[in-house]
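The values are calculated or read from the model by the stated rules, or taken from the named source; none is laboratory data. The structure displayed is predicted, hence computed values, not measured ones. When we count neighbours, we look across all protein chains shown, and the Cβ atoms used for this are built from the backbone with ideal geometry, even at glycine. Just the protein is used for accessible areas: all its heavy atoms, side chains included, with ligands, DNA and RNA removed. Shrake-Rupley method; radii C 1.70, N 1.55, O 1.52, S 1.80 Å.
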Amino acid sequence: LKKKYGNIPVIGSGHLFCSGGKTREGDGVRELYVGSLAHVPVTIFPRVFDYTALGHLHLPQKVGGKDAVRYSGSPLPMNCSESSQKRVVIADINPGSVEIEEIPVPVFQPMAAVKGDIPDIIDQVSKLAHSGESVWIEVEYTGTDAAPNLREIVDQAAENTQLDILRITNRQLSSRVLCSSGAQISLDDLGVHQVFERCLEAYEIPEDDQQELKGLYLETLKHIEEEQHEDT
């Protein structure tokens, strides 16, 4: 094409995971395979490309230290842990050179990821509350105790503030419930009733109390289903 039309810009594009690309835990990036390759090396792109625009990774970044090989990233954060600001990339291509300009995407909704044990979480939530901003928050509990009342503690810390708790992850509680039988399973392998029964077993709730709790649990599920049906 360059021989036929002169020194015209040639732009390559691809949707893949390039070696050296950076991700964030929980950002929804799936492993992609091209043939037998999991991560494609940056050397696979021919030098005739003046600019290579890549998609798949959500963080804006250049690959292999090359200004002209980039992931522009997702236009909006995929989760609260993404600390890097989103960008739009403008590539000005001239014969023999490429000038890159990064345009920051405005932050329309502040987001934050809170991680730690109970005191750490309360301290971080309190600091965010004192900012006076409307912040969306994801909480990840990393303490050693199960902390079954984590939701109540976090909601109380965020009460009467501009904070909105989007998600709470309690890995200790999940591990205790999933490992109660010794089998290697995930939550996807269990139904809502099985998860509740495993919680009762993990905390050694007496058999006499289990029946009453199961009845209350069924009433709660029915109430949730009715509300969801009304919303639709």
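Rounded to the nearest 0.05, what FRET efficiency do Tyr5 and Glu99 have when you use their Cβ-Cβ distance and R0 = 22 Å?
Taking R0 as 22 Å, the efficiency between Tyr5 and Glu99 is 0.50.
Of all the accessible heavy-atom surface of the stretch 53-174, with the other protein chains kept in place and a 1.4 Å probe, what percent is carbon and sulfur?
On the stretch 53-174, the fraction of accessible area on carbon and sulfur atoms equals 50 percent.
If R₀ is 41 angstrom, what is the calculated FRET efficiency for the pair Ile44 and Arg167, using the beta carbon separation as r and rounding to 0.05?
About 0.65, to the nearest 0.05.
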*Hey, what's the stretch 43-146 come to in accessible area per residue, 1.4 Å probe, Å²?*
55 Å²
